[in-house]
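First up is the structure itself, then whatever we jot down about it.
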């Protein structure tokens, strides 16, 4: 597999063979597999993930560190700092051995809350307290809708950086116009955290080219499409209801759906069947092929993968060298679904919140 991480420097953890990369414009040296901590819910389930104990979360963190993973991603919005709190407990005195990213941004009555500079300062203070640390490595704007005034936001992030409370700042869920607007007011970000996987290639139309132009690293979240690319599901009804909210599924598939569209169930599961054949012929798991495919794409710095057990962490770290022929087959297999999904990168909404 050929890695092309957009002018970012790569190296290997020679002891544990986990590849690491320098995030663009920073000194942050991160593993290319990042542990997503949405499911670090301290035993309180949500509409997407079942309850997970702190003990299980710690076992996941321990296994990740054992395998050379040093990158962990969380967010204020995950249980209102709950996931941050759990991650802080799990890391304990190992905090300075890892790179932690988190985001600011919350919702009220189902709508994104626009933060002032004062709100950002309060949110950051709460995140630092929850994570039991005095700095955050990568602090991100969750959505453009979480920004009251973009120039004020950039100024505040730079102020927090000068104070040493954050080492670098990035964005999440930003489209090309959002990115251009941020640069117009003097911002410079190292990363854009965005959904990207073999079943969800919408960012290839406009967002990846914009990030490449500005040397912004892609942090790909949902790289296994909430388990669809694990190979465990053969038909829509096999998928847990909370994970049937995306535009892959019919609006009638779950009462939790908000996109109001017919979905792409037939195309999605036809694509999955084709991928199974490719992976079986190449004797590689779908998860390994899916993660390795993403990390071979130009501009992608890391893949953010959740885990329910330590064993899943281990499986998700089994990256493989895909041949150019296999990459071509996976591209071709998923091309039709890419056309159906189109250029709207928003998994859950009919009209893109990315601009």
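Nothing in this text is a laboratory measurement; each read-out follows from the coordinates by a stated rule. The structure presented is a predicted model; accordingly, all values stated were derived computationally and were not measured. Neighbour counts run over all protein chains shown; Cβ positions are idealised from the backbone, glycine included.
Below, the figures for the structure above:
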item	result
With 5 Å bins from 0: P(r) over segment 264-325, alpha-carbon pairs, percent	3, 16, 23, 22, 22, 13, 1
Computed over the chain: relative contact order in percent, which uses C-alpha pairs under 8 Å that are six or more apart	20 percent
Between segment 173-207 and segment 262-290, the alpha-carbon center distance in angstrom	26 Å
Least to most buried among 109, 134 (fewest other Cβ within 10 Å first)	109, 134
Candidates 231, 339, 187, ranked by Gaussian network fluctuation over the chain, Cα under 10 Å, top entry	339
Mean projected area in nm² (Cα convex hull; one quarter of hull surface) for segment 296-355	6.2 nm²
Among 271, 191, 74: highest mean-square fluctuation, GNM of the chain, C-alpha pairs under 10 Å	271
Inter-site label distance for residue 177 and residue 17 at 7 Å from Cα along Cβ, in nm	4.7 nm
Ascending count of other beta-carbon atoms within 10 Å, so fewest first, for 346, 62, 97	97, 62, 346
Mean ellipticity per residue at 222 nm, deg cm²/dmol - from DSSP H runs of n ≥ 4 across the chain, formula -39500 (n - 2.57)	-10500 deg cm²/dmol
Förster radius 35 Å - calculated FRET efficiency between residue 255 and residue 206 (Cβ-Cβ, nearest 0.05)	0.60
Likely footprinting exposure, 351, 313, fewest C-beta neighbours within 10 Å first	351, 313
The chain: most fluctuating residue of 41, 93, 85 per GNM, C-alpha cutoff 10 Å	93
Net length gained if the chain between residue 230 and residue 62 were fully extended (0.36 nm per residue, minus Cα distance)	58.2 nm
